[in-house]
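Beneath this line is the structure, given in structure tokens, with notes to follow.
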Amino acid sequence: MKTKIRKISQIVLSIGIFTLPMIVFAQTKGVIEIPCDGSASDPCTFGDLITLANSIITFLLYLLVPLMTLAFMWIGGNFLLNTNKESARTEAKDRLLNIAKGLGIIVAAFILIKLILTTFLTPDTQNYINNSKIMDLKN
């Protein structure tokens, strides 16, 4: 019983240590900003729609990091706690592999889209994108 409580407390402590920096910076990164209010003085344009979509995608990417960390920790805990059960270890390995594949696909798609946009756009369009904060990840 003591070893089980000890293992659970170690998992909770490691979750706290790894997620604390993400929780502390949660309000400064990944905030969705609405670029226009839709009034007659500030009408919404296509660039504003693209800026809003980029803000949402950036927010989801910042949200993805702590969720993936928790998933990796949960699966790692299941892997370590089920040392005697081969089926549970195999299931944990499969889940870990699926999460790693998903993260790789998401990051590869993000990099590919950024590469295509910066490679094939004209310099005028790139200046417009840079000035309207469409491609800005430093929100």
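In terms of other Cβ atoms within 10 Å, Lys85, Lys4 run from fewest to most in the order Lys4, Lys85. Multiplying the residue separation of Ile56 and Arg6 by 0.36 nm and removing their Cα-Cα distance gives an extension gain of 14.0 nm.
Residues whose amide H falls under 5 Å from that of Cys36, counting only those 5 or more places apart or on a different chain, are absent, with hydrogens built in the peptide plane.
Applying both filters, DSSP loop and at most 14 other Cβ atoms within 10 Å, to the GluC sites (Glu not before Pro) of the range 33-101 gives Glu33. Of the peptides 51-64, 34-47, the order by per-residue mean of other Cβ atoms within 10 Å, starting with the highest, comes out as 51-64, 34-47.
Laboratory data are not the source of any read-out in this text; all were calculated from the coordinates shown. This structure is a prediction, so every number in the text was calculated from the model and none was measured. As a convention, Cβ positions derive from the backbone with ideal geometry for all residues, glycine included, and neighbour counts pool all protein chains shown.
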